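Step one of this worksheet: look at the structure below.
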Amino acid sequence: MPDLRHLLTINAPVNHVFSAVASQGGLQQWWTKEAIAEPVEDSIAEFKFGDSFHHKMQIMDIQANERVEWLVKESTKEWVGTRIIFRFHAEGEKTILRFSHLNWLEVTDFFASCNFQWAYYLTSLKMLCEQGKGMPYS
């Protein structure tokens with residue numbers, strides 16, 4: 001099964017980057033303003049992108065400053081059953097972020113488009129953590 005992977009160095013402390021990924025307020029500042037999420041295992045987080053996309057993810061694992069993992073429960077056909085994992089590693093005052101979107105059924109044009117979109121939104125996360133302002137979908 002094909003996977004999407006990205007590696008970023010973010011010039012911000014790991015607790016700051018983790019909070020931006022794990023909290024509703026953080027997610028609203030870099031991914032979509034229509035995020036509903038509680039950082040609790042087995043809860044369902046919702047992410048809306050206008051009328052185009054509506055994702056529901058089960059929070060499978062959340063370990064402070066180390067890892068956040070979601071299982072896609074409802075979404076576009078190609079996303080359902082995939083896993084999205086953020087792994088954080090502190091390196092002094094910097095954070096190494098390893099992002100994975102795993103278990104796609106095949107490489108399609110939508111797969112390629114999502115790879116581009118993840119790069120855009122991960123850049124938004126980096127901007128939020130480093131400069132205080134991201135570029136979320138609104």
* Is it true that some residue in segment 97-108 is more than 14 Å from the chain's Cα centre (by Cα) and either within 20 Å of Q63 (Cβ to Cβ) or of a type in the set (F, W, Y) (or both)? -> yes
* In segment 99-110, how many residues are in contact (Cβ under 8 Å) with a residue 12 or more places away in the chain and either more than 18 Å from W31 (Cα to Cα) or assigned to a loop (DSSP other than H, G, I, E, B) (or both)? -> 8
* Out of K73, K77, sole residue that is farther than 16 Å from L27 by Cβ, surrounded by fewer than 16 Cβ atoms within 10 Å (Cβ to Cβ) and in contact with a strand residue (DSSP E or B) (Cβ under 7 Å, 6 or more places away or on another chain) -> K73
* Scan segment 65-89 for residues that are assigned to a strand (DSSP E or B), within 21 Å of V107 (Cα to Cα) and over 11 Å from the mean Cα position of the chain (by Cα) and report the count. => 4
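I'd like to know if segment 2-12 contains one or more residues that are under 13 Å from the mean Cα position of the chain (by Cα) and surrounded by 21 or more Cβ atoms within 10 Å (Cβ to Cβ). Steps first, answer last, please.
Filtering segment 2-12 for residues under 13 Å from the mean Cα position of the chain (by Cα) gives 4-8.
Cutting the leftovers down to surrounded by 21 or more Cβ atoms within 10 Å (Cβ to Cβ) gives us none.
The answer is no; no qualifying residue exists.
Within segment 35-64, how many residues turn out to be within 21 Å of F110 (Cβ to Cβ) and part of a strand (DSSP E or B)? If you could, list the steps in order and put the result at the bottom.
Going through segment 35-64, the residues within 21 Å of F110 (Cβ to Cβ) turn out to be 46-57.
Cutting the leftovers down to part of a strand (DSSP E or B) gives us 46-49, 53-57.
Adding up the residues that qualify gives 9.
Residues checked against (1) under 20 Å from A45 (Cβ atoms); (2) modelled with pLDDT of 95 or more; (3) surrounded by fewer than 17 Cβ atoms within 10 Å (Cβ to Cβ):
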| residue | (1), (2), (3) |
| --- | --- |
| N65 | yes, yes, yes |
| F88 | yes, yes, no |
| K94 | no, yes, yes |
| L97 | yes, yes, no |
| L102 | yes, yes, yes |
| V107 | no, yes, yes |
| A112 | no, yes, yes |
| Y121 | yes, yes, no |
| K133 | no, yes, yes |
* Asked: For segment 3-11, does any single residue satisfy the condition of being out of contact with any helix residue (DSSP H, G or I) (no Cβ under 7 Å at 6 or more places or on another chain), farther than 23 Å from M127 by Cβ and not β-branched (V, I, T)?
  -> yes
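The values are calculated or read from the model by the stated rules, or taken from the named source; none is laboratory data. In this text the structure is predicted, and so the values were computed from the model without any measurement. In this analysis, Cβ positions are derived from the backbone assuming ideal geometry, glycine residues included, and neighbour counts consider all displayed protein chains.
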